[in-house]
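Report on the structure given below.
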Amino acid sequence: MKIVAANWKLFKGPQQARDFLQSFVPQLDDNAAEVVIFPPALTMDAVLGSLKGTKSGRILVGLQNCYAKSEGAFTGENSAQTAKEMGVSYVLIGHSERRTLFGETDETIAQKVALVQSLDLTPMLCIGETLKEREAGQTHAVLEKQLRIGLAQAAKKDNLVVAYEPVWAIGTGKVATAEQVAEAHAQIAALLKKLEFEEINILYGGSVKPDNAASLIQLEHVGGFLVGGASLEIESFSKIVKAGSV
Ligand code: PGA
């Protein structure tokens, strides 16, 4: 099944999240893709609360980041173990904003992937090249390095989602062309096969909008979307979910 994920980043407090879900959930039809909401950590409880008792079986919830350990003297961090206890299913790992703004390396990302898998949660690992790397012809090498190191400690070869998000397409309105997406996804699929990962959903992310989602979802190896800006509005996100429900 395709996955359409909403990365709310640092937007939406509890009340805004409740209002969003109250209108969004009833619109989902039975054949919809699997929807995953990644709210800010402090909004998690409100999101899980609003999904309880609704026809929301297809909506799962994820944490946008976690610390590489479940507990300890790590002031200010978020625990994947706690998220699991709350009812979370996914953890987003290695988003480009984490890598560039918060200095995350492939090595710390590898520890997080391993921890999340050990808790039986699903890591959604984000990878992608910068514009400079693309222009220097390094896209393939960058994707390979991010996957090789990021997955080096993964114990399970079937509990993973990968999100390909070219850094230059995130929040810029510049969506990658169908050709670029098809090429990168084929490379990622081949790399995952080489690393012996099986049947992994590869999502595309980076300025996904209602008007480009329908054509991108048709591409081979595109298993859904990770949506930032357009996931904040019910109308645009619903349209993308619909486009991704093929
Ligand atoms: P965008 O963000 O859809 O606003 O480009 C995607 C993401 O950061 O995951």
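For the chain, the Cβ-based charge dipole about the Cα centre amounts to some 240 debye (Lys, Arg positive; Asp, Glu negative; other atoms uncharged). By the rule of a C-alpha distance below 18 Å, with chain neighbours fewer than 8 residues away ignored, the aspartates and glutamates paired with residue 209 are 34, 165, 179, 233, 235. Centre-to-centre, using Cα atoms only, the range 71-110 and the range 150-211 are separated by 19 Å. For the range 111-208, the set of GluC sites (Glu not before Pro) satisfying both a DSSP loop assignment and a count of at most 16 other C-beta atoms within 10 Å is given as 196, 198, 199. Under a model in which nothing but the beta-carbon of Lys, Arg (+1) and Asp, Glu (-1) is charged, the range 37-113 shows a dipole of about 380 debye around its Cα centre. Extension gain for residue 152-residue 71 works out to 26.9 nm (0.36 nm per residue, less the C-alpha to C-alpha distance). The phi-based Karplus calculation (6.51 cos²θ - 1.76 cosθ + 1.60; θ = phi - 60°) puts the 3J(HN,Hα) values of the range 121-137 at 9, 9, x, 10, 8, 9, 9, x, 9, 7, 4, 4, 5, 4, 5, 8, x Hz, whole numbers, x for Gly and Pro.
Of all accessible surface on the range 174-246 at a 1.4 Å probe, what whole percent is carbon and sulfur? Within the range 174-246, the accessible surface is 51 percent carbon and sulfur. Where the accessible area of the range 1-113 is counted over protein heavy atoms with a 1.4 Å probe, how much of it, in %, is carbon and sulfur? In the range 1-113, the share of accessible area belonging to carbon and sulfur is 51 percent. Show which aspartates and glutamates lie in cross-link reach of residue 156 when reach means a straight Cα distance below 13 angstrom and same-chain residues fewer than eight apart are skipped. Partners within reach: 120, 196, 198, 199.
Per residue, the accessible area of the chain comes to 46 Å² when a 1.4 Å probe rolls over the protein heavy atoms. In the chain, helical runs assigned H by DSSP with n ≥ 4 each contribute -39500 (n - 2.57); averaged across all residues and rounded to the nearest 500, the mean residue ellipticity at 222 nm is -11500 deg cm²/dmol.
In the context of the full protein assembly, residue 172 retains an accessible surface of approximately 80 Å², using a probe radius of 1.4 Å and ignoring ligands and nucleic acids.
The values are calculated or read from the model by the stated rules, or taken from the named source; none is laboratory data. This is a predicted model, so every value here is computed, not measured. No Cβ is skipped: glycine too gets one built from the backbone with ideal geometry, and neighbour counts run over all protein chains shown. In case anyone asks, the SASA skips ligands and DNA or RNA and just uses the protein heavy atoms, side chains included. Shrake-Rupley method; radii C 1.70, N 1.55, O 1.52, S 1.80 Å.
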